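K.L.:
Would you mind keeping the following structure in view while I ask a few things?
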Amino acid sequence: MSTTAHTAQTAQGDPKPLRLSLRVWGCYMMTVGALLFLVPNQLIGLFGFPDIEDNWIRVFGALILNLGLVYFPMARDLPAAFVRWCIYSRYLFFCFATVIVIADWLPAGLLVFGAWDALNATWAWYGYRKASL
């Protein structure tokens, strides 16, 4: 690494924790997406959801898998606005999941997904602050 690049990274902060959190999130999204596409009822059954007969869940899985792919170039480039909105949206999903469970629209197993979102958002937020973007 050149001295100039090292100085810029040092002045900016350490982006490694943020990059790792984004890559882990991308892997998580791709895994969940692939499972929803290939074996949706086996995945959702683990969390107490009833079987789904409609194949739209597979379309949803394909979309989630594709969204997970976006996180890899974003982890490399670290566009600040993208990172901030990723953090905000994960906390927002936790709020939506909580409301859905309280309203008794879906089983409490949804909170596992919501809690993972909130936990990963906190990790990304920590990395974001440390990277000083």
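K.L.:
Only helical DSSP H runs with n ≥ 4 go in: add -39500 (n - 2.57) per run for the chain, normalise by residue count and round the 222 nm mean residue ellipticity to 500 deg cm²/dmol.
P.N.:
Taking each H run of at least 4 residues, the total per residue is -27000 deg cm²/dmol.
K.L.:
Further, regarding this structure: For the chain, what is the relative contact order in percent, using Cα pairs closer than 8 Å and at least 6 residues apart in sequence?
P.N.:
Taking the mean separation of contacting Cα pairs over the length of the chain, I get 37 percent.
K.L.:
For a quick check: sort C86, C27 by the number of other beta carbons within 10 angstrom, fewest at the front.
P.N.:
C27, C86
K.L.:
With label points built 7 Å along Cα→Cβ from the Cα atoms of L69 and E53, find their separation and express it in nm.
P.N.:
3.3
K.L.:
When the chain is modelled as a GNM with alpha-carbon springs shorter than 10 Å, which of F94, F60, F72 fluctuates the most?
P.N.:
With Cα springs under 10 Å in the chain, the top fluctuation among F94, F60, F72 is at F60.
K.L.:
Taking the Cβ of each residue in I102, I52 as the centre, tally the other Cβ atoms inside 10 Å and list the residues starting with the fewest.
P.N.:
Exposure proxy ranking, most exposed first: I102, I52.
Here, each number is a calculation from the coordinates, and none is a lab measurement. A quick note: this is a predicted structure, and the numbers were derived from the prediction, not measured. As a convention, Cβ positions derive from the backbone with ideal geometry for all residues, glycine included, and neighbour counts pool all protein chains shown.
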